[in-house]
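Take a look at the structure set out below.
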Amino acid sequence: MAVVTYQQRRSELLTYFDRTAADAWARLTSTAPVGRIRATVRAGRDSMRATLLGYLPEDLSNRRLLDAGCGTGAFSVVAAERSAHVLAIDLSPTLVALAQERLPQELRTGRIDFRVGDMSDPALGEFDHVVAMDSLIHYPAADVVRVLAGLSARTRYSIVFTFAPRTPALTVLHAVGRLFPRGDRAPAIEPVAERELRERIARDPQLKEWRIGRSVRITSGFYKSQAMELVKL
């Protein structure tokens, strides 16, 4: 089986979210009616967002937060309403433009800095908290830990992220997805075994000052994702 590099997967994600599925993603992340399957995904994402928000302090005053893979900006808005200073970044210019368009008027005062680019770019600076909701689910475990390690060097308190748990059902869906014509495929989700991920995090020298905190799996129809918290010792 061919090994997909981090840069190759980034390119696939950019093409998919910026062109192929931009309209569908805009609808999914709105309040517009959607079909039964997408409704389960929307509900799952809402539940996951609430879970990750619960891993952060209620009062984020004077905290700088990176929304890594911000999409249409729903997480950034809630964090900013908690008084965080948010840098929201995504590979897709289309999604970032939509996030800016949807931004509530009362937050158009510079509290959220929307950018197009790579969440792992060191030039983004330092943060108190990093959130990566469903932005690492397209990468294998080694790449997930590599990104987390890089972010950890620039994060003061916590990193909360999600990964695609390796379950029999998700593995089957992953295999079936590969049967579709290439032009119709979404970028593959990479199921990751939780035990492997924990072991890789424990072994990584850049993460030696971090511990795994809370972790919970969210399942809603076709949405399956697992939250995990990394906390600075």
>> Can you pull out every residue in the stretch 82-132 that is in a strand (DSSP E or B), farther than 18 Å from Tyr6 by Cβ and in contact with a Lys or Arg (Cβ under 8 Å, 6 or more places away or on another chain)?
In response: His85, Val86, Leu87, Ala88, Phe127, Asp128, His129
>> Suppose we filter the stretch 216-226 for residues that are buried (at least 17 other Cβ atoms within 10 Å of the Cβ) and out of contact with any Gly (no Cβ under 9 Å at 6 or more places or on another chain); how many remain?
In response: 1
>> Go through (1) modelled with pLDDT of 95 or more; (2) crowded, with 24+ Cβ neighbours inside 10 Å; (3) of a type in the set (S, T, N, Q) for Ser92 and report which single condition fails.
In response: (1)
>> Being touching a residue at least 12 places away in the same chain (Cβ under 8 Å), farther than 20 Å from Phe163 by Cβ and among the aliphatic types (A, V, I, L, M) is true for just one of Ala97, Ala22, Ala123, Ala32. Which residue is that?
In response: Ala22
> Counting only residues that are in contact with a strand residue (DSSP E or B) (Cβ under 9 Å, 6 or more places away or on another chain) and of a type in the set (D, E, K, R), which one in the stretch 56-81 is farthest from Arg9 (Cα to Cα)?
Replying inline: Arg63
>> Looking at the stretch 175-190, can you tell me whether even one residue there is within 15 Å of the chain's Cα centre (by Cα), under 22 Å from Arg214 (Cα atoms), of a type outside the set (Val, Ile, Thr) and at pLDDT below 95?
In response: yes
> So is Ser61 over 18 Å from the mean Cα position of the chain (by Cα), in a loop (DSSP other than H, G, I, E, B) and hydroxyl-bearing (Ser, Thr, Tyr) or not?
Replying inline: yes
> surrounded by fewer than 16 Cβ atoms within 10 Å (Cβ to Cβ), at pLDDT 95 or above and assigned to a helix (DSSP H, G or I), is that true of Ala43?
Replying inline: yes
> Going by the structure shown, is Ala80 at pLDDT 95 or above and not β-branched (Val, Ile, Thr)?
Replying inline: yes
> Hey, does the stretch 133-151 have a residue that's assigned to a strand (DSSP E or B), in contact with a helix residue (DSSP H, G or I) (Cβ under 9 Å, 6 or more places away or on another chain) and touching a residue at least 12 places away in the same chain (Cβ under 8 Å)?
Replying inline: no
> Out of the stretch 46-84, which residues are β-branched (Val, Ile, Thr) and crowded, with 19+ Cβ neighbours inside 10 Å?
Replying inline: Thr51, Thr72, Val77
>> Can you tell me how many residues within the stretch 100-120 are β-branched (Val, Ile, Thr), more than 25 Å from Gln8 (Cβ to Cβ) and in contact (Cβ under 8 Å) with a residue 12 or more places away in the chain?
In response: 1
>> If the requirement is being closer than 23 Å to Val144 by Cα and not in a helix (DSSP H, G or I), which of these qualifies: Leu66, Leu52, Leu14?
In response: Leu66
>> Just to be sure before I move on: is Ala79 among the hydrophobic types (A, V, I, L, M, F, W, C), under 27 Å from Thr219 (Cα atoms) and touching a residue at least 12 places away in the same chain (Cβ under 8 Å) in the structure I sent?
In response: yes
>> Can you tell me which of (1) part of a loop (DSSP other than H, G, I, E, B); (2) among the aliphatic types (A, V, I, L, M); (3) touching a strand residue (DSSP E or B) at 6+ places or on another chain (Cβ under 9 Å); (4) more than 22 Å from Gly213 (Cβ to Cβ) is the one Val34 doesn't meet?
In response: (3)
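The values are calculated or read from the model by the stated rules, or taken from the named source; none is laboratory data. Just so you know, these numbers come straight off a predicted model, no measurement behind them. Every residue, glycine among them, receives a Cβ derived from its backbone with ideal geometry; neighbour counts consider all protein chains shown.
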